């Protein structure tokens, strides 16, 4: 066996409850084991315990056999060489002050100081190619990449030392279906060629169905059942596994669904008000001049290339496409967080591209954004109650705490955050709880328009369903209009009325959601639909 875990239990400092309780697992060389379960069930704790990355004074009992001799284990160099970890949040892995190439060079030379900088660059460039990162971007910084592109960088950094065991903690959370499929196919080839084992920690049951030999289902720190993938997914024995499978949002569209939707569209007689209009919006980024000798040192990346669309009041308008296709850049350009090079954005007939910064700040109280990673968008040193209150003071909607407190309490209660959590720091909340906080923070100014940038991509299936249902309820309560950015086509089908499909900065297709998915006209849309994992 490559890895053997016997009767493993973990209790964190200052906690009376086990995070992991009597876990038994084994992974063979070349085998992929999928570990699934709700947020907070102990999946990530298990992965970190294998790498000895848990806080000091954590109580660990049981046995972990990694086949590492004591001399190697003392200096810690086995991390990365023997076992590598792909983190769920790539920004916790990436240094914002280092370029992508410098990250790779640092990893290689820290483990292999005998190699030159040039050799390290060439070695890392091969790994970047394997995860579909253009080498022209290697001299850029993490903040210049989309969430999905940053995740690809994190995967490249984990693979560059050719580990024997790969712990992949939600490795495709930020990736679209096509890129996720490509990367997992590449990982499958690598683990079979090298005999590399993989522990795939994920909430995406479609991924484990397609890429894992066996599945372990975890709940409240314990393994509920473990077995062959087909057996677990099609004939689950434990009630929790059955409930988990029932929570999955499946992609499914029939001609009957399409005919029903078309009838609904024809029934709409009254024209709706255009709330947001995007016309010929364009944004280019300069390519880096990274010093690979075979690269050109000039050119531009067309992040947004003359796109046009309208969002009506009360819409749930979605943008889908691959990582790096321009979805997040579009959101930021609408809010003028980045200045477009050309085109215009009108919100309620006001041309945002012509507003001064002070005027635009006032407009943002009506146009809020829910970011992909709530942990990265919240101050780690401030309680969540203060984080939700901040926009009231920033937009001068509350003069003091006496006015702000009841508003914050009300909105936190509405999104399902109980009062005993109000003074906790972000790190003390689960991913689902943090996303509820992020939604509350966006709603506290009573906006009319919400941009949701991958708001459920980092959440497990059960929490995804809860958050999406909450957002539907909030739309009715607050009369909201949504721009919903996602790479998850099943989520887009469930949530969005209309869609725009983006590829390489362009909108290649747009219209009614069911119409697009049932009868895709563009080859790229067809490619996206063909990449959806099924089970």
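Could you tell me what % of all Cα pairs in the range 475-535 have separations over 17 Å? Spell out each step's value before the answer.
On the way: 733 of 1830 pairs.
Percent of Cα pairs beyond 17 Å in the range 475-535: 40.
Projected label points at residue 7 and residue 519, each 7 Å from Cα along the beta carbon direction, are separated by 6.5 nanometres.
Using a Förster distance of 45 angstrom, determine the FRET efficiency expected from the C-beta separation of residue 413 and residue 123, and round it to 0.05. Mind dumping the intermediate values first?
Working: r = 53 Å, r/R0 = 1.18.
Plugging the Cβ-Cβ distance into 1/(1 + (r/R0)^6) gives 0.25.
Of all DSSP bridge pairs formed entirely within the range 3-247, close to 50 percent run antiparallel. Counting neighbouring Cβ atoms within 10 Å and putting the fewest first, the residues 488, 460, 305 line up as 305, 488, 460.
Annotation: extensible slack from residue 475 through residue 379 equals 31.9 nm (criterion: 0.36 nm per residue apart, minus Cα-Cα distance). The C-alpha atoms of the chain define a longest principal axis, and helix 401-414 lies at about 70 degrees to it.
May I ask what percent, to the nearest 5, of DSSP beta bridges between residues of the chain are antiparallel?
On the way: 39 of 76 bridges.
So the antiparallel bridges amount to about 50 percent of the total.
Our helix-only sum for the chain, with -39,500 (n - 2.57) per DSSP H run of n ≥ 4 divided by its residues, gives a mean residue ellipticity at 222 nm of -11000 deg cm²/dmol. When each of 143, 22 is scored by the number of other beta-carbon atoms lying within 10 Å, the sequence from fewest to most is 143, 22.
For 424, 364, what ranking results if the residue with the fewest other Cβ atoms within 10 Å of its Cβ goes first? Please list the in-between numbers first.
Details: 424 15, 364 18.
Ranked by crowding around the Cβ, least crowded first: 424, 364.
Once fully extended, how much extra length lies between residue 428 and residue 348, figured as 0.36 nm per residue of separation less the alpha-carbon to alpha-carbon distance?
On the way: separation 80, 0.36 × 80 = 28.80 nm, distance 3.93 nm.
Fully extending the segment from residue 428 to residue 348 adds 24.9 nm.
Relative to the longest principal axis of the Cα atoms of the chain, the long axis of helix 255-267 lies at roughly 30 degrees. Given 10 Å bins starting at zero, what is the percent of C-alpha pairs of the range 3-247 in each, up to the one with the largest pair distance? Going out from 0 Å in 10 Å bins, the range 3-247 shows 7, 31, 36, 21, 5, 0 percent.
Bear in mind that the values in this text are calculations on the coordinates, not laboratory data. The model shown is predicted, which means the values in this text are computed figures rather than measured ones. When we count neighbours, we look across all protein chains shown, and the Cβ atoms used for this are built from the backbone with ideal geometry, even at glycine.
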